[in-house]
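Structure first, commentary second.
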Amino acid sequence: MMQRPAIYAHRGVSQTVRENTIQAFELALETGVDGIELDVWKSRDGHLIVHHDPDINGMSIQETKASELPSFVPTLPEALDACSELRVNIEIKSSDRDRSAASRSVEILVETLRFRPEPVDRWLISSFDHAVMDRISDKAPEFQTGLLIWEKPWLSALRRANDQGHCALHPHESLVDETLVQAARENDLQLNVWTVNDVQRAGELAELGVEGLITDIPSDIMSHLDSGT
């Protein structure tokens, strides 16, 4: 019998509320997902802020104090509190205009998670900045880390994950086929796939044996996979 992949709510459940907010995470918890994917940037005064884009209402997160940001924008500790017992995939963001943004978040993230009361296997850290992931793997090997990839070839990322002690690859769904799944399995790497918003594709990926699906429509995906249709 096919084992259902873990379902991660992409930025929470946000069909009726803002994404990456406490309300979106609370809705995800009510939906019964296995985990939540969220994004973090470092504010000017050293707080990790949960938001996808580098700017909020015209303000650069990296150049703004946390207290000056809109009230709907949570800090990472606030978001983790709201996620309760769910697994949380924390994506460290970077931007083309500031490639060092992800690097500046590492120290704060590691310190924040180390002081949390939850077991460390609750957290899965990912980024498109693979050098930053290498730093976390070296500095804090107790945390699980994954490399985000969105285009071919993926072999160099797989080799890097294997060499640097990462536990997962996070490929875009269009990259995933039997060859990638087999290669990941041979290297003992998990595959957490994004962003899967088609129920038929979710079924195909589940049949291939991926470990996680990151989706904007978790209820639909779970219903489809649980029905076996």
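Here's the yes/no breakdown for (1) touching a helix residue (DSSP H, G or I) at 6+ places or on another chain (Cβ under 6 Å); (2) within 20 Å of L113 (Cα to Cα); (3) among the hydrophobic types (A, V, I, L, M, F, W, C):
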| site | (1), (2), (3) |
| --- | --- |
| G58 | no, no, no |
| E63 | no, no, no |
| A66 | no, yes, yes |
| F72 | no, no, yes |
| D81 | no, yes, no |
| N89 | no, yes, no |
| A102 | yes, yes, yes |
>> So R116 ticks every box in (1) more than 20 Å from G165 (Cβ to Cβ); (2) touching an Asp or Glu at 6+ places or on another chain (Cβ under 6 Å); (3) modelled with pLDDT of 95 or more but one. Which box is left unticked?
In response: (2)
>> If I ask for residues that are under 15 Å from V196 (Cα atoms) and either crowded, with 24+ Cβ neighbours inside 10 Å or in contact with a Pro (Cβ under 6 Å, 6 or more places away or on another chain) (or both), which ones from the stretch 1-34 would you list?
In response: P5, I7, Y8, A9, H10, R11, G12, V13, V33
> For the stretch 97-119, what are the residues that are without any contact (Cβ under 8 Å) to a residue 24 or more places away in the chain and among the hydrophobic types (A, V, I, L, M, F, W, C)?
Replying inline: F115
>> Yes or no: the stretch 51-58 includes at least one residue that is outside any helix (DSSP H, G or I) and surrounded by 20 or more Cβ atoms within 10 Å (Cβ to Cβ).
In response: yes
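Just checking, does the stretch 92-99 include any residue being buried (at least 20 other Cβ atoms within 10 Å of the Cβ) and touching a Phe, Trp or Tyr at 6+ places or on another chain (Cβ under 8 Å)? Give the derivation first.
As a first pass, look at the stretch 92-99 and keep what is buried (at least 20 other Cβ atoms within 10 Å of the Cβ): 92-94.
Remaining after also requiring touching a Phe, Trp or Tyr at 6+ places or on another chain (Cβ under 8 Å): 93-94.
Yes, some residue in the stretch 92-99 is buried (at least 20 other Cβ atoms within 10 Å of the Cβ) and touching a Phe, Trp or Tyr at 6+ places or on another chain (Cβ under 8 Å).
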> Which of (1) within 19 Å of I22 (Cα to Cα); (2) modelled with pLDDT under 95 is the odd one out, the single condition S94 does not satisfy?
Replying inline: (1)
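Would you mind listing the strands (runs of 3 or more DSSP E) fully within the stretch 81-160 where at least 1 residues are out of contact with any Pro (no Cβ under 9 Å at 6 or more places or on another chain) and among the small types (G, A, S)?
Numbers: elements: 87-92, 123-127, 144-149.
Per the criteria, 123-127, 144-149.
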> What are the residues in the stretch 1-30 that are out of contact with any strand residue (DSSP E or B) (no Cβ under 7 Å at 6 or more places or on another chain), under 21 Å from M222 (Cβ atoms) and assigned to a helix (DSSP H, G or I), if any?
Replying inline: Q23, A24, E26, L27, L29, E30
> Identify, please: which residue in the stretch 173-208 is in contact (Cβ under 8 Å) with a residue 40 or more places away in the chain and surrounded by fewer than 18 Cβ atoms within 10 Å (Cβ to Cβ) and is, among those, farthest from D39 (Cα to Cα)?
Replying inline: E207
> Which condition number in (1) surrounded by fewer than 17 Cβ atoms within 10 Å (Cβ to Cβ); (2) among the polar types (S, T, N, Q); (3) under 13 Å from the mean Cα position of the chain (by Cα) is the one that S84 fails?
Replying inline: (3)
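The values are calculated or read from the model by the stated rules, or taken from the named source; none is laboratory data. In this text the structure is predicted, and so the values were computed from the model without any measurement. Cβ atoms come from the backbone with ideal geometry, glycine included; neighbour counts cover every protein chain shown.
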